[in-house]
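Read-outs: derived from the displayed coordinates by stated rules, not from any lab. All figures in this text were calculated on a predicted structure; none of them were measured in a lab. FYI the Cβ positions are ideal-geometry reconstructions off the backbone, even for glycines, and counts take in every protein chain you see.
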Amino acid sequence: MLTPGLRDEIEALYADYAEALDDNELERWPEFFVEDCLYKLVPRENWERKLPIALMLCESKGMLRDRVSAVRSTALYAPRTFRHLIGQFRIAAETQERIRVRANYVVLQTLVDDLTRIQNAGKYLDLVVRTPEGLRFQEKICVFDSVLVPNSLIYPV
Amino acid sequence: MDDWALGLSNAQPRKWPKGGLSRVPYWIYTDRDVYRAEQERIFCGPSWCYVALEAEIPNPGDFIRTYVGDKPVVIVRDGEGGISALLNRCAHRGVEFCQQAHGNVREFMCPYHQWTYDLKGTLLGVPFRRGVKQQGGMPADFRLEEHNLTRLAVARRHGAVFASFSQDLPSLEDYLGPRMLGYFDRVLDGRPLRVLGYMRQRIGANWKLMFENIKDPYHASLLHVFLVTFGLFRADQPSAVEMDESGRHSVLVSMRGEQKPNEGTAEMKSFKVDFKLADPRLLDPVREFSGSATVVMQTLWPNLIVQQQSNTLAMRQLVTRGPRAFDLMWTFFGYADDTPQMIQRRLRQANLMGPSGFVSNDDGEIMEFSQAGIDAFPRDAGVLEMGGRDVRNEDHMVTEAAIRGFYQEYRRVMGL
């Protein structure tokens, strides 16, 4: 059952999440998750065929931080900016503390001297939990539509 | 930009620059005519191209769509356990009849005029062949058996499937040669495989840059901060570069080292002694293959990279998309008897690989930088002198010998 205000809370969480990624505040990204979390970026083809390989697999907040460290200090890539468009929320509260959220997303990417292009599109299949600090992701599964991606997906979506 | 647009089209025959294998002309990465000749001589020539793992098509009627060069093919298992590689092109009007990525069928039917083929590509039936109400139909001398799907030669080894448009080429074993076969069998040792999933990326660069990259141990110690820092592949570690007799196939072999500075790491700006993983489970490799090597990257002419880095195993198949793009199709696998812990380890280590890989994403990016730098300068050439100007096996990483080996074969096949 949807309690009054929950939809607003959820939409605010996703707006904040998108802003952190779009405004290059990547260090904030792990803070949207609880310690014992799961983040996966997986092509639809694998997901529907129950093939477990993911492009990104993080099984803890530590692994999310390792992703951030890689983007910041070990990975080589052309500079880029992002725009996340997230919508079409379907919200199902299992309890007051556990909320299933499905939403669609599109990530636009802009490289230097190039046009803005679609970098990734898919759906989030998330488990949001209520913590003393506010709503956090316990699970965030990003199932993207085309297994074929334009070169590199460096940043989390 | 095409050479044609620059007014530099093939008014004169292409000539390899002076300097032999120590120079690579940039027009081989940009010229459409070169690309077409490569399709004809290399991908449709007497080469064994990787197309599938048998584990992807375990049952009769199972098929996958894939490519040899840029030609669409279907790989299908028949009722007798045989595997066919069929050109995905109806013999009637050229329709690419199979549109599903994978599936199971009893026969193939082209949707346009419903010509049907069995799983070996034999034409079974043509609707209205005898006409309708004594009108129309195929001529009396039309013979079904002259209109089968084009069948490629197929070779199978330890769960991997290769195909060739040429029917006149050596066995896969002779094609690989004893040294490369030994490395191939090290990972594909005959145990049943388990497919773990796919990654695919379209890289805006010429396909040969991918082969150069995996034949180039020199860059690995410099570009890949992650590899270097965690000692997964580094010039100060015991290593080897080996080729077959022709130079077309090669392996880079190395042993994992430690994350502490030494004489070898001093020149590696990318070595970060203080970099630590917040969750070290990401890198928790266990030894599973005989011998001391912890990484063997094998490149098999003309379209396959067999990846064994720690416990992450994958077939990386190249699909050419014109002179300036290719798709890299990754099929990750383990073994049917893997424990759940081993599967999880392989999934974690896959974070190093693919379009989002801590290591591999560097390569995708750098190849596009290469293409961008090369594109407008077809008459210039790149330099390949690290480790000398010849082609020979080495027991170190500070060499570009395997790239020279690749171009030795390339020039022979292309007549350049």
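If you keep only loop residues by DSSP, which trypsin sites (Lys or Arg not before Pro) in the range B:14-113 have at most 12 other Cβ atoms within 10 Å of their Cβ?
Values: sites: B:14, B:15, B:18, B:23, B:32, B:36, B:41, B:65, B:77, B:89, B:93, B:106; in loops: B:14, B:15, B:18, B:89, B:93, B:106.
Sparse-neighbourhood loop trypsin sites (Lys or Arg not before Pro): B:15, B:18, B:93, B:106.
Global dimensions of the range A:6-144 from alpha-carbon coordinates: Rg and Dmax equal 15.0, 48 Å. Just list whichever of A:61/A:140; A:61/B:260; A:40/B:71; B:215/B:276; A:40/B:215 have alpha carbons separated by over 23 Å in the model shown. Over 23 Å apart, Cα to Cα: A:61/B:260; A:40/B:71; B:215/B:276; A:40/B:215. Rounded to whole numbers, the Karplus 3J(HN,Hα) couplings from phi for the range B:267-280 are 8, 9, 4, 7, 6, 10, 5, 8, 5, 10, 7, 5, 10, x Hz, using 6.51 cos²θ - 1.76 cosθ + 1.60 with θ = phi - 60°, and x at Gly and Pro.
Just to be sure I understand: with springs between alpha-carbon atoms less than 10 Å apart, which residue in B:289, B:43, B:333 has the highest mean-square fluctuation in the Gaussian network model of chain B? In this elastic network of chain B, the residue with the biggest mean-square fluctuation among B:289, B:43, B:333 is B:289. Segment residue B:222..residue B:59, full-extension length gain: 54.2 nm, with 0.36 nm per residue of separation and the alpha-carbon distance subtracted. Coupling constants for the range A:57-73 follow from the phi torsions by the Karplus curve (6.51 cos²θ - 1.76 cosθ + 1.60, θ = phi - 60°), and in residue order they are 9, 10, 9, 6, 4, x, 5, 5, 5, 5, 4, 4, 4, 5, 4, 7, 10 Hz; glycine and proline get x. Extension gain, residue B:383 to residue B:189: 0.36 nm times the residue separation minus the Cα-Cα distance gives 66.1 nm.
Under 10 °C and 1.306 mPa s, how fast does the protein assembly as shown diffuse according to Stokes-Einstein, given a Kirkwood radius computed over C-alpha pairs? Answer in µm²/s, whole number. The partial results should precede the final answer.
Numbers: Rh = 25.6 Å.
Approximately 62 µm²/s, per Stokes-Einstein.
Of the residues B:264, B:121, B:334, the one that moves most in a GNM of chain B with alpha-carbon contacts below 10 Å is B:264. Which part of the range A:113-131 falls in the paramagnetic zone of residue B:372, meaning amide N under 14 Å from the point 7 Å along Cα-to-beta-carbon? In the range A:113-131, the label zone of residue B:372 (backbone N under 14 Å from the point 7 Å along Cα→Cβ) covers A:113-116.
Between residue A:117 and residue B:262, the modelled label-to-label distance comes to 4.2 nm, taking each label 7 Å out from Cα in the direction of the beta carbon. Between B:61, B:382, B:131, the Gaussian network model of chain B with springs among Cα atoms under 10 angstrom shows the greatest mean-square fluctuation at B:131. Once each of the GluC sites (Glu not before Pro) sitting in a DSSP loop with at most 13 other beta-carbon atoms within 10 Å is removed, chain A keeps A:26-93 as its longest stretch. Could you let me know the centre-to-centre spacing of the range B:99-150 and the range A:90-157, using Cα atoms, in angstrom? First find each Cα centre; the distance between them is then 46 Å.
Note down, for chain B, the three equivalent ellipsoid semi-axes (square root of 5 times each alpha carbon gyration tensor eigenvalue), biggest first, whole angstrom.
Values: eigenvalues 320, 153, 65 Å².
Value: 40, 28, 18 Å, ordered largest first.
Label-to-label distance, residue A:8 versus residue B:276, with points set 7 angstrom from Cα along the beta-carbon direction: 4.4 nm.
Rounded to two decimal places and with Rh computed the Kirkwood way over Cα pairs, what is Rg over Rh for the range B:320-386?
Working: Rg = 17.4 Å, Rh = 15.0 Å.
Dividing the radius of gyration by the Kirkwood radius yields 1.16.
Cysteines in the protein assembly as shown lacking any other cysteine Cβ under 4.7 Å from their own Cβ: A:37, A:58, A:142, B:44, B:49, B:98.
At an R0 of 25 angstrom, the distance between the Cβ atoms of residue B:150 and residue B:105 translates into a FRET efficiency of 0.90.
Listing A:77, B:112 from the residue with the fewest other Cβ atoms within 10 Å to the one with the most, what is the order?
Working: A:77 18, B:112 12.
Fewest-to-most Cβ neighbours within 10 Å comes out as B:112, A:77.
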